[in-house]
1. Can you find a residue that is touching a residue at least 40 places away in the same chain (Cβ under 8 Å), under 30 Å from L121 (Cα atoms) and of a type in the set (A, V, I, L, M, F, W, C) anywhere in region 28-44?
2. I'm trying to understand the selection: among the residues of region 88-105, which are surrounded by 11 or more Cβ atoms within 10 Å (Cβ to Cβ) and under 21 Å from G30 (Cα atoms)?
3. Can you report the number of residues in region 9-41 which are open to solvent by less than 100 Å² (accessible area, probe 1.4 Å) and farther than 23 Å from E108 by Cα?
4. Taking the stated definitions as given, is G49 over 15 Å from the mean Cα position of the chain (by Cα), at pLDDT 95 or above, within 26 Å of D96 (Cβ to Cβ) and surrounded by 11 or more Cβ atoms within 10 Å (Cβ to Cβ)?
5. Please determine, by comparing only the residues of region 69-82 that are open to solvent by less than 90 Å² (accessible area, probe 1.4 Å) and part of a helix (DSSP H, G or I), which one is nearest to L34 (Cα to Cα).
6. For residues in region 9-27 being modelled with pLDDT of 90 or more and of a type in the set (D, E, K, R), which is farthest from L121 (Cα to Cα)?
7. Does at least one position in region 99-115 carry a residue that is over 18 Å from the mean Cα position of the chain (by Cα) and either closer than 30 Å to L20 by Cα or assigned to a helix (DSSP H, G or I) (or both)?
8. Which one of E125, E56 is acidic (D, E) and either in contact with a strand residue (DSSP E or B) (Cβ under 6 Å, 6 or more places away or on another chain) or loosely packed, with under 12 Cβ neighbours inside 10 Å (or both)?
Amino acid sequence: EVTELISAFGSVIEVDEEYLHQVTAITGSGPAFLYHVFEQYVKAGTSLGLEKKQVEESIKNLIIGTSKMIERSDLSMEQLRKNITSKGGTTQAGLDTLSQYDLVSIFEDCLNAAVDRSIELSNVEDQ
């Protein structure tokens, strides 16, 4: 019954109870983390000379379209990215620059901080 109720809001992924803090970090806090990334994308876009409103609207549509592609496709996000990246093109140039940064570590640190805080909060509630 609980699964049916929750599935009304999206897909249900069952995990062992020991991983609830990780799930909280990834999905519970995840929207705020992604909003923060999108905010930075807007700032970078406006630094190119476009008006903030134009950049926000473009990025909003980008997010919606990308989300629909992920939802409709059985392909991995990696494969979807590869499918739209032309060798030597503008996308590849941007990805080459992104690859100079350790984005995985940044996100790992972010998620680990959220997991740690979730554990702290649960320990307070248990007392």
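The values are calculated or read from the model by the stated rules, or taken from the named source; none is laboratory data. Note that the structure is a prediction, hence the values are computed from the model and not measured. With ideal geometry, Cβ positions are generated from the backbone for all residues, glycine too; neighbour counts draw on all protein chains shown. Areas reflect the complete protein model, heavy atoms only, side chains present, ligands, DNA and RNA absent. Shrake-Rupley method; radii C 1.70, N 1.55, O 1.52, S 1.80 Å.
1. yes
2. Within region 88-105, just L103 meets the criteria.
3. Selection size over region 9-41: 2.
4. It is false that G49 is over 15 Å from the mean Cα position of the chain (by Cα), at pLDDT 95 or above, within 26 Å of D96 (Cβ to Cβ) and surrounded by 11 or more Cβ atoms within 10 Å (Cβ to Cβ).
5. Going through the qualifying residues, I end up with I70.
6. Ranking the candidates gives D16 first.
7. Scanning region 99-115 turns up no residue that is over 18 Å from the mean Cα position of the chain (by Cα) and either closer than 30 Å to L20 by Cα or assigned to a helix (DSSP H, G or I) (or both).
8. Selected residue: E125, the only one of E125, E56 that is acidic (D, E) and either in contact with a strand residue (DSSP E or B) (Cβ under 6 Å, 6 or more places away or on another chain) or loosely packed, with under 12 Cβ neighbours inside 10 Å (or both).
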